[in-house]
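Quick notes on the structure that follows.
What follows is calculated from the coordinates using simple rules that are stated; it is not laboratory data. Just so it is clear, the structure is predicted and the values come from calculations on it, not from any experiment. Neighbour counts are summed over all protein chains in view; Cβ atoms, including those assigned to glycine, are modelled from backbone coordinates with ideal geometry.
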């Protein structure tokens, strides 16, 4: 398990033909494809975190699924933006004013909502980020603010990584996700989020090649593994150790 600048060096030296992910605890993931590096819900002010925001000077984009501190942490994000001069933070449009109050300048934000697309270009490579609403626990929506809780579909070529943020299943979620041909579904389990059986059902409904649990308390992953092995042996899944690097296998 690498930390600090050693972890940054590992990320920078990783060049793969399929997406590579690192889990940094809670809902925090790094998603890298070739030399593009996205951070999703970075939350490095937690005790024992492997990184600090000031370590990160290579972020291409930072994604925040909603305004709660565990997903939009100014102690983490402000120094990340200071160090990564070209990066912006993608966040629900309803979270922009809250983020600004916390010290994030409006010009460093790209706001989005369900059904919108954000594009990123770097060295002839192309990444797209689509948004779908998350129910936390309801599908909150206002005319001016849109959906305050989002999940992100990060697409590189034929590869799609879905990060759900916080949330629970709802009737039209699978319908919204199917067109994107999700390869990896990262879903919150335990507590007030998905049950293991619900996460597995969504992965099946959308044809996800891999299911990755996140946002759980210590021990909750054991129930997830037990359910998957006993009830869903056909579904591939990956349970991360904190700081672990994993490259999505070629299909």
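Some observations on this one:
- Gap separating the Cα centres of the range 1-32 and the range 132-153, nearest whole Å: 28 Å
- Gain in span if fully extended, residue 244 to residue 124, counting 0.36 nm per residue against the direct Cα distance: 40.3 nm
- On full extension, the segment bounded by residue 5 and residue 205 gains 68.0 nm, given 0.36 nm per residue less the C-alpha separation.
- Each label point was placed 7 Å from the Cα along the Cα-to-Cβ direction; for residue 106 and residue 58 their separation is 3.4 nm.
- Within the chain, percent of DSSP bridges classed antiparallel, to nearest 5: 60 percent
- When Kirkwood radius over Cα pairs in Å is computed from the coordinates, the matching label among [x] 19.1; [y] 18.0; [z] 20.9 is [y].
- Estimated from helices alone, the mean residue ellipticity of the chain at 222 nm is -6000 deg cm²/dmol (sum of -39500 (n - 2.57) over DSSP H runs with n ≥ 4, per residue).
- Highest GNM mean-square fluctuation among 80, 228, 214, for the chain modelled with Cα contacts below 10 Å: 228.
- Highest-first arrangement of 35-46, 132-143, 216-227, where packing means the average Cβ count within 10 Å: 35-46, 132-143, 216-227
- Additional length obtainable on full extension of the chain from residue 195 to residue 75, 0.36 nm per residue less Cα span: 40.1 nm
- q = 0.17, 0.22 Å⁻¹: log10 I(q)/I(0) that the Debye formula gives for the range 187-246, counting C-alpha atoms only: -0.50, -0.85
- Counting neighbouring beta carbons within 10 Å and listing from fewest to most, the residues 33, 240, 121 come out as 121, 240, 33.
- Footprinting exposure proxy for 61, 109 (fewest neighbouring C-beta atoms within 10 Å first): 109, 61
- Percent RCO, i.e. relative contact order, over the range 165-208, from Cα pairs under 8 Å lying at least 6 residues apart: 52 percent
- Considering only 213, 47, 179, the mean-square fluctuation computed in a Gaussian network model of the chain, springs between alpha carbons under 10 angstrom, is largest for 47.
- Two-site FRET efficiency, residue 229 against residue 113, from Cβ-Cβ distance with R₀ of 35 Å, rounded to 0.05: 0.35
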